[in-house]
Amino acid sequence: MKIDRLIGILTVLLQQESITAPKLAERFEVSRRTINRDVENLCKAGIPIETSQGVGGGIRIMDGYRMDRTLLTSKDMQVIMAGLRSLDSVSGSSYYGQLMERIKMESSSFITGRDSILIDLSSWNKDFIEPKISLIQDAIEKRHEISFVYYAPGGESNRKIEPYYLIFKWSSWYAYGFCKLRNDFRLFKLNRMDKIQMEQSEFLVREVPVLDLSVNNIYPDLIHVEAEFNPEVKWRVVEEYGPYCYEEIENGILLFKGAYTNVESLISWLFTFGDKVKVREPIEVKDELLIRAKNIVKIYEEESLK
């Protein structure tokens, strides 16, 4: 990808005095003409690059800006390497790892020590998610619409969107784009997308609004919750809401106080704790849990009578 190659070329130039276009072309496995275009784009971005012909010539950052070579420290480079490596965990290829090795070959004296950060962005359903990521990424680059079946709490529907971003958030992957059904921008969870296809026609790029992915914006605190949790599940309460979301009361019981976005999601979450939780508020949620628990008992009682 172009942006990755530009980062790689800039990194090489920051670490050595000069390098020829043929050598860069060989390093990044592209043509010399492509390298020349990349250098031109770096110049347009404000990077002070100059080229010279003949013996000892090549591509380099201008002398007056040598101080900028300290812009990236060894620690900075380690973080960049970790980021590149993490992209391979979802791409299903070794493209970013190969790019990382090319950078390292020209920066071996600069990148020292063992890796201290390892990032794996792959899903539990890696074989199921990777093809989706690859297809959507391709559609974004080509500006082609994608169509798919989407499964949501309100039922399944056929969707067609103009894809603009792939997003990893809240331990899951999402596609963000303009939905033709809703005539607005929407966020779609990849796990719920099925039968994804890239359409043939290109779309005109829209002005994409600033995407606010803060928890309070996506999951607003609409429902106040109070519940008593058994100490056996303290680890889960702490993992999901932090160590300050409860106070211990009699017999080590945890009095949890928090918030949830909607009733259905709250009920589903509470059921995952089985008999290790007792709801205090809201009353309507407490009543609904009782109704559903009775229905579950009824199902198994009827089965035992058969």
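How many of the residues in the stretch 219-249 are of a type outside the set (S, T, N, Q) and surrounded by 12 or more Cβ atoms within 10 Å (Cβ to Cβ)? If you could, list the steps in order and put the result at the bottom.
Initially, the stretch 219-249 is screened for residues of a type outside the set (S, T, N, Q), giving 219-229, 231-249.
If we keep only those that are surrounded by 12 or more Cβ atoms within 10 Å (Cβ to Cβ) as well, we get 219-221, 223, 225-229, 231, 233-234, 236-238, 241, 245-246.
Qualifying residue count for the region: 18.
Please find, among 191, 216, the residue that is closer than 20 Å to residue 269 by Cβ, of a type in the set (S, T, N, Q) and surrounded by fewer than 16 Cβ atoms within 10 Å (Cβ to Cβ). Give the steps one after another, and end with the answer.
Values: 191 fails: surrounded by fewer than 16 Cβ atoms within 10 Å (Cβ to Cβ).
From the options 191, 216, the qualifying one is 216.
Does residue 31 count as among the hydroxyl-bearing types (Ser, Thr, Tyr), at pLDDT below 85 and not assigned by TED's automatic domain parsing to the domain that holds residue 137? Don't jump to the end; show me each part of the working.
Details: among the hydroxyl-bearing types (Ser, Thr, Tyr): yes; at pLDDT below 85: no; not assigned by TED's automatic domain parsing to the domain that holds residue 137: yes.
Here the answer is no, as residue 31 does not meet what is asked.
Please enumerate the residues belonging to the stretch 263-289 that are over 14 Å from residue 224 (Cα atoms), of a type in the set (Val, Ile, Thr) and either surrounded by fewer than 16 Cβ atoms within 10 Å (Cβ to Cβ) or touching a His at 6+ places or on another chain (Cβ under 8 Å) (or both).
Hit for the stretch 263-289 is 272, nothing else.
Would you mind listing the strands (runs of 3 or more DSSP E) fully within the stretch 243-306 where at least 1 residues are free of Cβ contacts under 8 Å to residues at least 12 places away in the same chain and of a type outside the set (Lys, Arg)?
Working: elements: 246-248, 254-260, 277-281.
Qualifying strands (runs of 3 or more DSSP E): 246-248.
If you check residue 167 against the conditions, is it at pLDDT 95 or above, outside the structural domain of residue 278 (by TED's automatic domain parsing) and not aromatic (Phe, Trp, Tyr)?
Working: at pLDDT 95 or above: no; outside the structural domain of residue 278 (by TED's automatic domain parsing): yes; not aromatic (Phe, Trp, Tyr): yes.
Here the answer is no, as residue 167 does not meet what is asked.
Please pick out the residue among 196, 249, 223 that is touching a Lys or Arg at 6+ places or on another chain (Cβ under 9 Å) and either among the β-branched types (Val, Ile, Thr) or at pLDDT below 95 (or both). Break it down stepwise before answering.
Numbers: 249 fails: touching a Lys or Arg at 6+ places or on another chain (Cβ under 9 Å); 223 fails: touching a Lys or Arg at 6+ places or on another chain (Cβ under 9 Å).
None of the other options fit; the residue is 196.
Matching residues to (1) out of contact with any Lys or Arg (no Cβ under 8 Å at 6 or more places or on another chain); (2) at pLDDT below 60; (3) closer than 30 Å to residue 127 by Cα:
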{"residue": "18", "(1), (2), (3)": "no, no, no"}
{"residue": "22", "(1), (2), (3)": "no, no, no"}
{"residue": "67", "(1), (2), (3)": "yes, yes, no"}
{"residue": "82", "(1), (2), (3)": "yes, no, yes"}
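The values are calculated or read from the model by the stated rules, or taken from the named source; none is laboratory data. Just so it is clear, the structure is predicted and the values come from calculations on it, not from any experiment. Every residue, glycine among them, receives a Cβ derived from its backbone with ideal geometry; neighbour counts consider all protein chains shown.
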